[in-house]
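Structure first, commentary second.
A short reminder: the numbers here are calculations on the coordinates, not readings from a lab. Small disclaimer: the values here were computed from a predicted structure and weren't measured. Methodologically, a virtual Cβ is constructed for each residue, glycine included, from the backbone with ideal geometry; neighbour enumeration extends over all protein chains shown.
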Amino acid sequence: MSSYSSSISSTTLVIFFVLLLRGTEAQLSSDFYDHTCPDVYHIVRSVIKHAHKSDIRIYASLNRLHFHDCFVQGCDGSLLLDSSSTIVSEKNAIGNNNSLRGFPVVDAIKEALEHACPGVVSCADILALAAEASVELSGGPKWCVLLGRRDSTTANLTGAQNLPSPFDSLQALRSKFSAVGLNDTDLVALSGAHTFGRAQCGIFSYRLYNFSGTGQPDPTLNGDYRVQLQQNCPQNANFNRLNNLEPTMPDIFDYNYFLDIENNRGLLQSDQELLSAVDAVSTTAPIINSFASDQSTFFSNFAASMINMGNISPLTGDQGEIRKNCRVVNDS
Ligand code: HEM
Ligand SMILES: *[C@@H]1O[C@H](CO)[C@@H](O)[C@H](O)[C@H]1NC(C)=O
Ligand SMILES: *[C@@H]1O[C@H](CO)[C@@H](O)[C@H](O)[C@H]1NC(C)=O
Ligand SMILES: *[C@@H]1O[C@H](CO)[C@@H](O)[C@H](O)[C@H]1NC(C)=O
Ligand SMILES: *[C@@H]1O[C@H](CO)[C@@H](O)[C@H](O)[C@H]1NC(C)=O
């Protein structure tokens, strides 16, 4: 009996210390702006809904910005800084230039928030809020966005050049995710964001015509789907011609991405590899199968993984600043 109760109290102690340690770390919370900017959710939503009226793709584009921000020195708005005498912008990185979009909408959100509650809401939090609202407004899951991030005064182009690439092997993708504390479940769930939005023909056309210099298409690509893709992306097409990432419901956030992968219809090499790479069998393939078998399993995991991604080394407390203009460091 006494060893039973002492084991309970040591467990309690361990839990206590884990909570204490976490308490001294960066803490984000969903009620962070409750008193200082109570309308923040409503303002973000109204700006992006307005933008969506003339740009059906904007929800996908905004969602992607949070990913490209968080993977480079944490979710700190570094992505949004333009080049200046002190900043080398991440926007010029290979995977970002001529690919990321939505920056003027972020500016419009910031402007509306500066009007309602000046100097309060960070640009990093704007990206987290816009990423959630975009998924929810596209028919996907909703989640409680954790807030309280502050904005960096630096950017890191080298970090941005090292973002996960559509040509990466599964091993490289897994190691880039694990380097920021995200595991295989996060990798598969977050890749499910490719259920909406567009990709440029130039990014994947090597899979249609000349895969790894073989002169043949990628053997993991479904033949019927390849023919469809070849029609929209002929060999002489402009690099920047657009193709839906997910053909069935291109602007709806659903689990069709996983059904596609099950049928060898993943658009990017990095999508199909999650099932078809040799080392997927013991890592990501079972997770693909589980999300393909049940949309609600995908949705709950996607929400959890977005929160995990949003927790990547934020600046908090008196670190960084609240930028007045997301493109420039204050007083510069
Ligand atoms: C696993 C590694 C990933 C790779 C290699 C990757 C790669 C890509 C590529 C190449 C494109 C098309 C870009 C273009 O053609 O200009 C794209 C688009 C997109 N990605 Fe990813 N991505 C990854 C993970 C993610 C994650 C984690 C998210 C969000 C949680 C995401 C959200 C999106 C969205 C929504 C689009 C469409 C954007 C638009 O239409 O503007 N991706 N991604
Ligand atoms: C980014 O794209 C523009 C064309 O829109 C090009 O002029 C510029 O050189 C590119 N920047 C880099 C760093 O590749
Ligand atoms: C920028 O990112 C690279 C790659 O992630 C990292 O090695 C480097 O230390 C970072 N630079 C700064 C100044 O933080
Ligand atoms: C990844 O981490 C989550 C907790 O964030 C956990 O529930 C899940 O089982 C982990 N997945 C793998 C493959 O380890
Ligand atoms: C395929 O690519 C390889 C290497 O890039 C090249 O040598 C070869 O000529 C290409 N084949 C065709 C049919 O275009």
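Can you list the lysines whose alpha carbon is less than 20 Å from that of LYS324, not counting same-chain residues fewer than 8 positions off?
LYS91, LYS110
So what's the back-of-envelope 222 nm ellipticity for the chain, counting only DSSP H runs of four-plus at -39500 (n - 2.57) apiece and dividing by all residues, rounded to 500?
Values: 15 runs with 160 residues, N = 332.
That calculation yields -14500 deg cm²/dmol at 222 nm.
Suppose each label sits 7 Å from its Cα in the direction of the beta carbon; what would the SER169-THR220 distance come out to in nanometres?
Spacing of the two 7 Å Cα→Cβ label points: 1.2 nm.
Name the long-range amide H neighbours of ASN156: under 5 Å, sequence gap of 5 or more, or other chain; modelled H, no Pro or chain starts.
Distant-sequence amide H within range of ASN156: GLU90.
List the relative contact order of segment 170-305 as a percent without decimals, with contacts defined as Cα pairs under 8 Å and 6+ residues apart. The partial results should precede the final answer.
Working: 181 pairs, mean separation 43.2, N = 136.
Reported as a whole number, the value is 32 percent.
FRET efficiency for ALA179 and ASP331, Cβ-Cβ distance as r, R0 = 30 Å, nearest 0.05? Could the numbers behind the result be given before it?
Working: r = 33 Å, r/R0 = 1.10.
My answer for the efficiency is 0.35.
Tabulate in residue order the Karplus-calculated ³J(HN,Hα) for segment 323-332, using 6.51 cos²θ - 1.76 cosθ + 1.60 with θ = phi - 60°, rounded to whole Hz; enter x for Gly and Pro.
These are the phi-based 3J(HN,Hα) values: 5, 7, 10, 4, 8, 9, 5, 4, 6, 10 Hz.
Of the chain, which part is the longest with no chymotrypsin sites (Phe, Trp or Tyr not before Pro) in a loop (DSSP not H, G, I, E, B) and with at most 16 other C-beta atoms within 10 angstrom? Can you show the working numbers first?
Details: sites that count: PHE167, PHE239.
So the longest stretch without any such site is 1-166.
What does the charge add up to near ASN222, with Lys and Arg as +1, Asp and Glu as -1, over the other residues with Cβ less than 12 Å from its Cβ? Could the numbers behind the result be given before it?
Details: positive: ARG207, ARG226, ARG265; negative: ASP218, ASP224, ASP260, GLU262.
With Lys, Arg at +1 and Asp, Glu at -1, the net is -1.
Classify segment 197-250 as rounded, prolate or oblate from the Cα gyration tensor: take a ≥ b ≥ c as the square roots of its eigenvalues, call it rounded if a/c is under 1.5, otherwise prolate when a/b beats b/c and oblate if not. Don't skip to the end; give the middle numbers.
Values: a/c = 1.97, a/b = 1.31, b/c = 1.50.
The shape class here is oblate.
Could you tell me the center-to-center distance, by alpha carbons, between segment 247-277 and segment 76-111 in angstrom?
When both Cα centres are located, 28 Å separates them.
For the chain, list the cysteines whose Cβ sits under 4.7 Å from no other cysteine Cβ?
CYS144
So what J values fall out for segment 210-219 if you push phi through Karplus, 6.51 cos²θ - 1.76 cosθ + 1.60 with θ = phi - 60°, rounded to Hz, Gly and Pro as x?
After applying 6.51 cos²θ - 1.76 cosθ + 1.60, I find 8, 7, 6, x, 7, x, 10, x, 4, x Hz.
List the lysines whose alpha-carbon lies under 17 Å from that of LYS142, not counting same-chain residues fewer than 8 positions away?
The reachable lysines, counting only those whose Cα sits under 17 Å from LYS142, are LYS49.
In whole Hz and in residue order, list the ³J(HN,Hα) couplings for segment 251-256 that follow from phi through the Karplus curve 6.51 cos²θ - 1.76 cosθ + 1.60, θ = phi - 60°; x for Gly and Pro.
Coupling constants for segment 251-256: 10, 9, 8, 9, 9, 4 Hz.
Efficiency by 1/(1 + (r/R0)^6): what FRET value for ASP294 and GLN228, r their Cβ-Cβ distance, R0 = 22 Å, to the nearest 0.05? Spell out each step's value before the answer.
Working: r = 27 Å, r/R0 = 1.23.
About 0.20, to the nearest 0.05.
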